Amino acid sequence: MSNLREDLSTFEIAEDLGLKKDEYEQICSLMGRIPNIHEISIFSAMWSEHCSYKSSKKWLKTLPTKGEVVIHGPGENAGAIDIGDGKAAIFKIESHNHPSFIEPYQGAATGVGGILRDIFTMGARPVALLNALRFGSIENNKTKYLLEGVVSGIGGYSNCIGIPTIGGETNFDKSYDGNILVNAMAIGITEKDKIFLSAARGVGYPLIYVGAKTGRDGIHGASMSSTEFDDKTEEKRPTVQVGDPFTGKLLMEACLELMTTDSVVAIQDMGAAGLTSSAVEMGSKGKLGVKLDLDLVPLREENMSTAEIMLSESQERMLMIIKPDKMDKANSIFKKWNLDIAKIGEITNSQNLEIYKNNILDAQIPITYLVDQAPEYDRDWTTPEKAPKLQIKNAPIKSVSKVIEKLFNSHNLCSRNWIWEQYDTSVMGDTVIPPGQNSGVIRVHGTNKKLCASVDCTPRYVSADPFLGSMQAVCEAYRNIISVGGKPLAITNNLNFGNPEKKEIMGQIIHSIKGISEASLKLNIPVISGNVSLYNETNGKAILPTPVIGAVGAIDENKHSASLSNAFDGNSIFVIGQDNSHTDGWVGQSIYAQEILNIDKDYAPPPVNIEAELVNGNFILKAIAQKLTNCVHDISDGGLAIAISEILLSSKTKGIGAVINKNYNHNSESFWFGEDQGRYLVCTSKNKEIEELAESKKIKITNIATINLSDRLTFSNEDYICISELDVKHKNWFKNFMS
Amino acid sequence: MRVTIITFPGSNCDRDVSVAIKKITGKNPSNIWHQENEVPNCDLIILPGGFSYGDYLRCGAVAAHSPVMKEVKNHAARGGAVLGICNGFQILLEAKLLEGALIRNSGLKFVCKQVALKINKQIHSPFLHHFKQNDIIHLPIAHNEGNYFADSETLKQIEDKGLVALRYHISSDGNSFNPNGSINNIAAILSDNGKVLGMMPHPERYVDNELGGLDGFEFLKSTLEQLS
């Protein structure tokens, strides 16, 4: 064994790598010496915001992560829940915001590749993808370029690897002009007792590298993602990884095949900070040491340095510990799939990360310094100011239909079919509800059980009230699951915020986490995984706070489900969660306020009543179970008038229309376009039964409209809109915008 | 009824086809890896959809040279039935078992949606037996390179011989379901003997009402009945 390489670091070097002065001093003091340049590179990656969660960790710990369905909460590659019949659903959402802004196609593609690896690392076959996208203003010239690149990047990876995309959301706001958000969620399914974890076991066991070769792409990606952007962002292009979905597919199949052979002791994918974080993660979780010989790492390029090999974020790579007597098996499987497999080190009982190159010890760091001793900041924060309640005259509205038309014929509420058609939504042969409805729904392969999933956030609410807005995001995801007949089981979250070193941003983060906690706890949908993306700022301007919630629910075998498209002639449309006394809706932070009243100041968003959410949600599930309805829609963006229109636009019945019942002549703008929470629409022919059920459960209910075949949504003799014409506008806005 | 499904590296509809065949016949088809030099004796070989070899070089170009393709060609030469779906269609073209080429969609984007297709039944083929001329069926498509093209001479021959099996439907009000710019709205073509079919739509995805429809089920079921 050789002595440790000298090449001592300096603070200047550390600073270039993103470490702060006090952090560098802390490292020197922990090590009891000045770390060399390789060691400081490794510290810089592991102590980056991206890997260490140093600004958010204190608060993330307060999220409710336990529940009867939870098998693995946060901390693993992804969370796992029990979905019955011996099966587990594994899911997580993850951001690839910074890379996607710099290089939209590759950034988005590798975002998908990365989240899929998190799922199959745990032994689950990925079965569905969703994505939550945020772009800048539609007037910004760069928006189309970024949107085009991100969508084709997501499609490029997911279509090729053959996983259906079943849902998502896309919004525009000028605050994302310099920092788009690309959050990808993946769901996988496996046997409950066959989940693979990353904790190292077996001193002396070989550490195996599999997958693609290591190149110079994505070096310092983790550090890049932990800083703000400025005018020189373009120069960061080389820090973006390049994805290869074909290799990703081979790697997925090879890993899943190997996992059936009782060979894998532990497995960890190489994501942010590459080999460094995967090796450290395995050692840390298993409380063991890891010895690496970099001369054995399969390389794509020549003369790569220790830091380059350790920090490369080349895609489609995995690190495994394999039972020594199963190496032949592993070799033959990876050879079949034409992938590299190499022993690059072994597990030791030293609890150190030891890195050798050319037989020289380039780094020797106690793993605990990299993980447990990484900083955890209690950053200063301020309580977000309470936005005032928006007072409007609430004048009778001349034409509800004109507003409907305007909102559907705009970026706010137009159909996103231009996006979805670029994703394979039906591969794997289990997609029951593709994107564009309340939730995506897939069958659990080989059974009649179904999983449903939705991603949601309304950043304009969160911006005005981080606590309430984040509660609302959880509630909306919950309602979307309920609307298809699913029992909401658990959530994952992607917290996208600005610079946490600013007090007001830290205040947003904390109050958002509190809001998520409150709703998640009361709705009994624990947070089982998640991701934090901070420093989403350009030249000092932050994005709207965007805590995206991904919810997963289940529809049990033989249970009935519902869809947005099942409205038929003669049905009545009921509002659930609202009765006849309701005449005045909540307009603050609504799309109506933004687009029609042109209010661009923040006002208080609609209040959230969790108890009502629970009661109304349970009522909807009961109504679906009793076959009183199979057509449900939650009322969200744009309020009541928009939700009714959406039911008609989704219907497969030609010439469908509806007439608003006579007693709704008050026609105030807030009534039709207010965004009060906790409400659903149900279509039914069983009016009496549904009203009786509502009465027995003390549910607010009102019969608002009757479906007919007039091809019109009629508010009054003078105020109506032609549905087939609206449909064309709704479908074409996006296409026209992008062409 | 014996069906063999071939998996190439990057195939991603092999399981879906397998599940559909099992649902129809009650029996598991044989699944074989592209490196095999032998194909079990069977009534139908299916080349499933996906991105064999990541669509590198040209879609299907590398897979067309896989060891197993020699046996697929022998099987076709003996008058055996072969069905290529999506990427499988691309492979059949690259392997010269069918004429023409599939190029990038005219919109330059991947397209996934349901399309209406019109049956063109001019020659005897086990794949079309169940249908009447001009029947309309609905199936999903999902591809980047489905824009069928052939030079004018080849195209004339294909049309003269009646080898087009499916066309994207143009409805009476002029609404076109052609999603990719295919010449003559061609969605599927046959070999001269009617035994080799290449199609862009995915019948295996419509074998259940819950998943969008049963037209794929009917198509595959009648084909299998004809071949057994």
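Results, tabulated for the structure shown:
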| quantity | calculated |
| --- | --- |
| Selection within region A:366-391 - in a helix (DSSP H, G or I) and of a type in the set (S, T, N, Q) | A:T368 |
| Selection from region B:54-65 of residues that are out of contact with any Ser or Thr (no Cβ under 6 Å at 6 or more places or on another chain) and buried (at least 21 other Cβ atoms within 10 Å of the Cβ) | B:D55, B:C59, B:G60, B:A64 |
| Selection from region B:75-89 of residues that are farther than 18 Å from B:S30 by Cα, open to solvent by 10 Å² or more (accessible area, probe 1.4 Å) and assigned to a helix (DSSP H, G or I) | B:A77 |
| Subset of region A:78-135 that is of a type in the set (D, E, K, R) and in contact with a Ser or Thr (Cβ under 8 Å, 6 or more places away or on another chain) - its residue that is most open to solvent (accessible area, probe 1.4 Å) | A:D85 |
| Members of region B:201-219 found to be in a helix (DSSP H, G or I) and within 8 Å of chain A (Cβ to nearest Cβ), listed by number | B:E204, B:R205, B:E210, B:L211 |
| Given (1) under 16 Å from the mean Cα position of the chain (by Cα); (2) within 12 Å of another protein chain (Cβ to nearest Cβ); (3) surrounded by fewer than 16 Cβ atoms within 10 Å (Cβ to Cβ), index of the condition B:K96 fails | (2) |
| Verdict on A:S426 being among the polar types (S, T, N, Q), part of a loop (DSSP other than H, G, I, E, B) and in contact with a Pro (Cβ under 9 Å, 6 or more places away or on another chain) | yes |
| Selection status of A:D118, closer than 19 Å to A:L489 by Cβ and at pLDDT below 95 | no |
| Test for A:L63: is it without any contact (Cβ under 8 Å) to a residue 40 or more places away in the chain, outside any helix (DSSP H, G or I) and among the aliphatic types (A, V, I, L, M) | no |
| Some residue of region B:104-121 being more than 13 Å from chain A (Cβ to nearest Cβ), under 19 Å from B:G10 (Cα atoms) and either assigned to a helix (DSSP H, G or I) or open to solvent by 10 Å² or more (accessible area, probe 1.4 Å) (or both) | no |
| Residue among A:L275, A:L251 that is assigned to a helix (DSSP H, G or I), under 21 Å from A:I355 (Cβ atoms) and either more than 11 Å from chain B (Cβ to nearest Cβ) or modelled with pLDDT of 95 or more (or both) | A:L275 |
| Filter result for A:S565 (among the hydroxyl-bearing types (S, T, Y), open to solvent by 20 Å² or more (accessible area, probe 1.4 Å) and at pLDDT below 95) | no |
| Any hit, region A:673-686, residues being part of a helix (DSSP H, G or I) and open to solvent by less than 10 Å² (accessible area, probe 1.4 Å) | yes |
| Positions within region A:514-545 being small (G, A, S) and assigned to a strand (DSSP E or B), in sequence order | A:S529, A:G530, A:S533, A:A542 |
| Any hit, region A:629-637, residues being assigned to a loop (DSSP other than H, G, I, E, B) and more than 24 Å from the chain's Cα centre (by Cα) | yes |
| Which numbered condition A:Y24 misses (of (1) open to solvent by 30 Å² or more (accessible area, probe 1.4 Å); (2) not in a loop (DSSP other than H, G, I, E, B)) | (1) |
| Residue match in region A:391-402 (condition: more than 30 Å from A:I723 (Cα to Cα), of a type outside the set (S, T, Y), at pLDDT below 95 and open to solvent by 10 Å² or more (accessible area, probe 1.4 Å)) | yes |
| Filter result (open to solvent by 10 Å² or more (accessible area, probe 1.4 Å) and touching a residue at least 60 places away in the same chain (Cβ under 8 Å)) within region B:17-37 | B:V19, B:K23, B:I24, B:T25 |
| Qualifying position, being in a strand (DSSP E or B), more than 18 Å from B:Q114 (Cβ to Cβ) and either within 12 Å of chain A (Cβ to nearest Cβ) or small (G, A, S) (or both), among B:G194, B:G174, B:G198 | B:G198 |
| Qualifying residue in region A:627-638 (condition: buried (at least 20 other Cβ atoms within 10 Å of the Cβ), in contact (Cβ under 8 Å) with a residue 60 or more places away in the chain and farther than 25 Å from A:G436 by Cβ) | no |
| Hits in region A:344-365 - residues which are open to solvent by 30 Å² or more (accessible area, probe 1.4 Å), of a type outside the set (S, T, N, Q) and either assigned to a loop (DSSP other than H, G, I, E, B) or closer than 13 Å to A:A279 by Cα (or both) | A:E346 |
| Criterion (open to solvent by less than 10 Å² (accessible area, probe 1.4 Å), over 16 Å from the mean Cα position of the chain (by Cα) and under 24 Å from A:Q241 (Cα atoms)) met by exactly one of A:S56, A:S44 | A:S44 |
| Subset of region A:429-449 (residues that are more than 9 Å from chain B (Cβ to nearest Cβ) and not in a loop (DSSP other than H, G, I, E, B)) | A:I433, A:G440, A:V441, A:I442 |
| Residue that is farthest from A:E518 (Cα to Cα), among those in region A:592-614 that are of a type in the set (A, V, I, L, M, F, W, C) and assigned to a helix (DSSP H, G or I) | A:I596 |
| Residue in region B:1-24 that is within 24 Å of B:V207 (Cβ to Cβ), of a type in the set (A, V, I, L, M) and in a loop (DSSP other than H, G, I, E, B) present | yes |
| Flag if A:L292 is closer than 20 Å to A:S52 by Cβ and buried (at least 24 other Cβ atoms within 10 Å of the Cβ) | no |
| Subset of region A:403-423 [within 14 Å of chain B (Cβ to nearest Cβ), assigned to a loop (DSSP other than H, G, I, E, B) and open to solvent by 20 Å² or more (accessible area, probe 1.4 Å)] | A:R416, A:E421 |
| Leading residue by the ranking (nearest to the other protein chains (Cβ to nearest Cβ)) among those in region A:325-354 that are polar (S, T, N, Q) and within 16 Å of A:Y209 (Cα to Cα) | A:N338 |
| Answer from A:G553, A:G588, A:G617 - the residue that is modelled with pLDDT of 95 or more, in contact with a Pro (Cβ under 7 Å, 6 or more places away or on another chain) and either β-branched (V, I, T) or not in a loop (DSSP other than H, G, I, E, B) (or both) | A:G553 |
| Leading residue by the ranking (least open to solvent (accessible area, probe 1.4 Å)) among those in region A:295-312 that are farther than 19 Å from A:K343 by Cβ and part of a helix (DSSP H, G or I) | A:L311 |
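The values are calculated or read from the model by the stated rules, or taken from the named source; none is laboratory data. Just so you know, these numbers come straight off a predicted model, no measurement behind them. For neighbour counting, all protein chains shown are included, and Cβ atoms are generated from backbone atoms with ideal geometry for every residue, glycine included. Keep in mind that these areas ignore ligands, DNA and RNA; they rest on the heavy atoms of the full protein, side chains included. Shrake-Rupley method; radii C 1.70, N 1.55, O 1.52, S 1.80 Å.
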